Amino acid sequence: MNPEPTDRELAEPHLLGTLATVGVNVEYVRAHGDTLYRLDEEGREIPVTDFAGGYGALVLGHNHPEITALAQDLLERQVPVYTQFSRHPAANRAANLINDIIRRETGTEEPYFAFFASTGAEAVEAATKHAEFVRSQRLAALATGIDENVASARAAVAAGGAEPGPDVYERAGADTAQAADQVLEHLVARLERHNDEVLSRPPVYFALEGSFHGKLAGSVQLTHNPGFRTPFAAMAARARFVPMNEGEALVKAVEEERAVVWDLVVEDGRVGVVERPAPVFGAFLVEPIQGEGGIHEVGREFAERIQAVCAEIECPIIVDEVQSGMGRTGDFLASARIGLRGDYYALAKSLGGGIAKSSVMLVREQHYRAEFELVHSSTFAKDGFSTPVAVRVLELLEADGGAAYSRARERGERLRLALERVREDFPDVVAQVRGRGLMLGLEFRSTADSPSELFRFFAEADVLGYVLSGYLLREHDIRALPTASAVNTLRFAPSIGIGDEQIDRLEQALRNVALVLRESDEQALTP
């Protein structure tokens, strides 16, 4: 017997209640391009201009006609969606298209191998997991090599063909009166203890302050926001966060995390100790433009420093282009514009064309390990629906000589000028405009010193951006949301189809927001 239906809210009810307090708990019933539709009390459709853009997932807009037509065709043809352990030509085609683009934008001829997934966080975790797979092989090879060298030193001393050198006596804490084999064994015991301690340490991952790389068990530890990270600190990777665009801070962090292991060499009848760098660095994760951190860009000089430092310490670079990639900033890879080349790339969001859940992790050939394909998999990866969609998305972005990228640059500049005009006219309210292309942020100044108790509360509770989102939706039928870790910054990530009239409406709405803030108008911001 089927139970009676209930109206009880069980799908994340606390979050829904939070949305209701600022007036964004709206159900949308239809969408196309940059327009969403909600229903009023009489059931009539009300258009809402969408500047949130699915947190960057809609570079082609809602329900793009070619993507929709492809999806309908795939379903009508009853293509098999889940056929794991079989051939997937669409996935291979998508991988080749992405490689062509990377080759054009970075100048590299080295191929990247693709591992598909469903979400950006999964792509990031696949990259860190692969990097650890490579590091573990380096650890094993290093340990094996040291064991072989210790055995060779023992044999040489036992045969009388070598004597411990001065550094061996010093590190062993022995004196010259002791027998050579005893001195060597004292040293070997210390060497093994030291090396075991160093080689058993968990890897260090570098990430930037303000970074966001996901909320899964591993990726959340690489996300800077303590509110997301701290409750799960015992679960996974150890991250070292580096200030954005501060090269000397990066060098200092690396120096503090370096470690060496001891090894033995036999040269000219002497056993000596050498120190070898230990592979303690897991990876350096970089968003070329931070999304949730408030739309902050990595500078070219800092990107060059990251590249040089990571090459010197043999630390792979994972470029997280989950939000900034797929043409949103006017280039397929935002990192290409600043000269940052990844050993790994994570792409997602718009790869699914606004319909499919799709992401991909790419690893360059010199880091690729074929065995990883047997220890990492996903039921929903490389499926027969999302990968043809990804191919079509890539084809649309590349069509007409990359017209979509030019469009993103042109529309982004038009939008940026509108935001800058608001900032220039309200410098007491608006702090900064940041970003590139169609990934822009408008930062409002804190209301902590407002004469209004309510406005001071907005600052204390760190909810100003959400309150402003509710106002924009309620009063202007505009959807825009703050960045999660810097909520005074509203993010604007519309599609390349955003029009002048929609941008003009946004500018006027933001001017009204600025007036409300300037005048501490409590009534205007109360739902």
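The values are calculated or read from the model by the stated rules, or taken from the named source; none is laboratory data. Bear in mind that the values here come from a model prediction, so they are computed numbers and not experimental data. Note that each Cβ is placed from the backbone with ideal geometry, even for glycine, and that neighbours are counted across all protein chains shown. These area figures cover heavy atoms from the full protein model, side chains too; ligands, DNA and RNA do not enter into them. Shrake-Rupley method; radii C 1.70, N 1.55, O 1.52, S 1.80 Å.
On the principal axes of its alpha carbon atoms, the stretch 403-492 extends 49, 25, 24 Å, with the longest extent given first.
Radius of gyration over Kirkwood radius for the stretch 374-527, both on Cα atoms: the Rg/Rh ratio is 1.10. Could you tell me which label, among [x] 30.9; [y] 32.9; [z] 46.0, carries the value of mean projected area of the Cα convex hull in nm² calculated for this structure? Comparing each candidate, only [y] matches the computed number.
For the chain, the share of DSSP beta bridges that are antiparallel, to the nearest 5, is 70%.
For the stretch 312-425, the Cα gyration tensor yields ellipsoid semi-axes of 30, 20, 13 Å (square root of five times each eigenvalue, largest first, whole Å).
Put the Cα centre of the stretch 100-130 next to the Cα centre of the stretch 177-230 and the gap is 26 Å. Within the accessible surface of the stretch 319-407, defined with a 1.4 Å probe on protein heavy atoms only, the carbon and sulfur portion equals 47 percent. Distance distribution P(r), the stretch 138-202, all Cα-Cα pairs, bin width 5 angstrom from 0: 3, 17, 26, 23, 16, 10, 4, 1, 0 percent. Computed on the Cα atoms alone, the convex hull of the stretch 79-165 gives a volume of 204 cubic angstrom per residue.
Among 382-393, 67-78, sorting by the average number of other beta carbon atoms lying within 10 angstrom of each residue, highest first, gives 382-393, 67-78.
On the beta carbon distance between Glu424 and Glu453, with R0 = 25 Å, the FRET formula returns roughly 0.25. At the listed q of 0.17, 0.19, 0.28 Å⁻¹, the Debye profile of the stretch 198-264, built from one uniform point per Cα, gives log10 I(q)/I(0) equal to -0.66, -0.78, -1.19.
Straight-line reach from Lys357: taking Cα to Cα under 23 Å and skipping same-chain neighbours fewer than 8 places apart, the lysines in range are Lys129, Lys215, Lys349, Lys382.
Annotation for Gln78 and Ala431: the two label points, set 7 Å from Cα along the Cα-Cβ direction, are 5.8 nm apart. Debye-formula intensities of the stretch 30-69, expressed as log10 I(q)/I(0) at q = 0.20, 0.31, 0.32, 0.33 Å⁻¹, are -0.61, -1.00, -1.03, -1.06 (one equal scatterer per alpha-carbon, no solvent).
Label separation (Ile313 vs Glu519): 5.4 nm, computed from points 7 Å beyond Cα along the C-beta direction. Rg and Dmax, both from the Cα atoms of the stretch 95-223 and both in Å, are 23.3, 69. The Cα trace of the stretch 122-176 gives Rg and Dmax of 18.7, 58 Å, the first to one decimal, the second as a whole number. Using only the C-alpha atoms, the convex hull of the stretch 2-79 corresponds to 192 Å³ per residue. Extension gain for Arg505-Thr18 works out to 172.6 nm (0.36 nm per residue, less the C-alpha to C-alpha distance). Axis of helix 13-22 versus longest Cα principal axis of the chain: the two differ by about 50°, to the nearest ten degrees. Put simply, when 477-487, 23-33, 9-19 are sorted by average Cβ atoms within 10 angstrom per residue, most first, you get 477-487, 23-33, 9-19. Other residues within the sphere of radius under 15 Å centred on the Cβ of Arg44, judged by their own Cβ, net out at -4 (K and R +1, D and E -1).
The length gained on full extension between Ala234 and Ala403, counted as 0.36 nm times the residue separation minus their Cα-Cα distance, comes to 56.1 nm. Between the listed residues Ile355, Val322, Leu15, the Cα displaced farthest toward the positive end of the dipole of the chain, a dipole computed from Cβ unit charges relative to the Cα centre, is found at Ile355. Under 16 Å from a label point set 7 Å out along the Cα-to-Cβ vector of Val260, the amide N atoms of the stretch 189-212 belong to 191-192, 194-196, 198-199.
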